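Below: one structure, written as structure tokens.
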Amino acid sequence: DQQVKQNSPSLSVQEGRISILNCDYTNSMFDYFLWYKKYPAEGPTFLISISSIKDKNEDGRFTVFLNKSAKHLSLHIVPSQPGDSAVYFCASTQGGSEKLVFGKGTKLTVNP
Amino acid sequence: DVKVTQSSRYLVKRTGEKVFLECVQDMDHENMFWYRQDPGLGLRLIYFSYDVKMKEKGDIPEGYSVSREKKERFSLILESASTNQTSMYLCASSERSSGNIQYFGAGTRLSVL
């Protein structure tokens, strides 16, 4: 039973355009959400997070939007750069848990 | 800067061997985790430790065990390696409190022949 779903295994965008990565969750108890970025042969690195009390969090070119009623979050990257090409993982957790539940990832390719 | 160090980047082992994967973190984090990453399956939690000598099974603990004798070190043990354990293994650590960011090591690519 997949609690965190990233339904697009891959996404390709042109440099300078917007990249939108989507994530859906099923557990209504989740209250904290994170995005990680992973390059090949490296460990994931934390990118940005959002608490369920917010609907938007922005950090430079990266913005995460949370729609609690739809149990959906998205990561926007504007403008996209070739160095953003990586696998992006969505992760969620709930109050009282030390563990994260990860999605399967979306491979983003930004073409020059 | 948090540093999570995995002892090997690449390992090649034979079926039936006992395999030890070591992970050390330098931030005095209470929590440590072992994941495996496989194409199309994302990151799956194998084991989790929330304190020295304390452990909790994750989603796929079968065929694995762990050891946490010191706070900074968390070992993953494959008792008898099998070919289906060929994978990328990732160690992570975090502070205690829910939702805290996990910091990952660079990973160990294990091949079991």
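The values are calculated or read from the model by the stated rules, or taken from the named source; none is laboratory data. These numbers were taken from a predicted model, which means no experiment stands behind them. No Cβ is skipped: glycine too gets one built from the backbone with ideal geometry, and neighbour counts run over all protein chains shown. For the accessible areas, the whole protein counts, side chains as well, though only heavy atoms, and no ligand, DNA or RNA atoms are used. Shrake-Rupley method; radii C 1.70, N 1.55, O 1.52, S 1.80 Å.
Worth pointing out:
- When the range B:73-84 is filtered for residues that are under 13 Å from the mean Cα position of the chain (by Cα) and either at pLDDT below 95 or not hydrophobic (A, V, I, L, M, F, W, C) (or both), the ones remaining, listed by number, are B:Arg73, B:Ser75.
- Residue list for the range A:51-80, filter: under 18 Å from B:Ile101 (Cβ atoms) and either at pLDDT below 95 or open to solvent by 70 Å² or more (accessible area, probe 1.4 Å) (or both): A:Ser51, A:Ser52, A:Ile53, A:Lys54, A:Glu58, A:Asp59
- Pair list, Cβ under 6 Å, 6 or more apart: the range B:48-64 residue within 11 Å of chain A (Cβ to nearest Cβ), other residue hydrophobic (A, V, I, L, M, F, W, C) and surrounded by 18 or more Cβ atoms within 10 Å (Cβ to Cβ): B:Phe48/B:Phe33; B:Ser49/B:Met32; B:Ser49/B:Phe74; B:Glu56/B:Phe48; B:Gly58/B:Leu45; B:Gly58/B:Ile46; B:Gly58/B:Phe48; B:Asp59/B:Leu45
- Inside the range A:10-34, residues that are under 15 Å from the mean Cα position of the chain (by Cα), modelled with pLDDT of 95 or more and open to solvent by 40 Å² or more (accessible area, probe 1.4 Å) make up a count of 6.
- First in the range A:1-18 and closer than 17 Å to A:Phe33 by Cα, second anywhere and among the basic types (Lys, Arg), Cβ under 6 Å, 6 or more apart: A:Gln6/A:Lys104
- Exclusive hit being at pLDDT 95 or above, on the phi < 0 side of the Ramachandran plot and open to solvent by less than 80 Å² (accessible area, probe 1.4 Å), set A:Gln2, A:Gln6: A:Gln6
- Search result, residues across the range B:1-57 that are basic (Lys, Arg), part of a loop (DSSP other than H, G, I, E, B) and under 14 Å from B:Leu76 (Cα atoms): B:Lys18, B:Lys53
- Complete set of residues in the range A:56-85 that are at positive phi and either part of a strand (DSSP E or B) or in contact (Cβ under 8 Å) with a residue 12 or more places away in the chain (or both): A:Lys71
- Residue satisfying condition, being open to solvent by less than 30 Å² (accessible area, probe 1.4 Å), of a type in the set (Lys, Arg) and in a strand (DSSP E or B), within set A:Lys37, A:Lys107: A:Lys37
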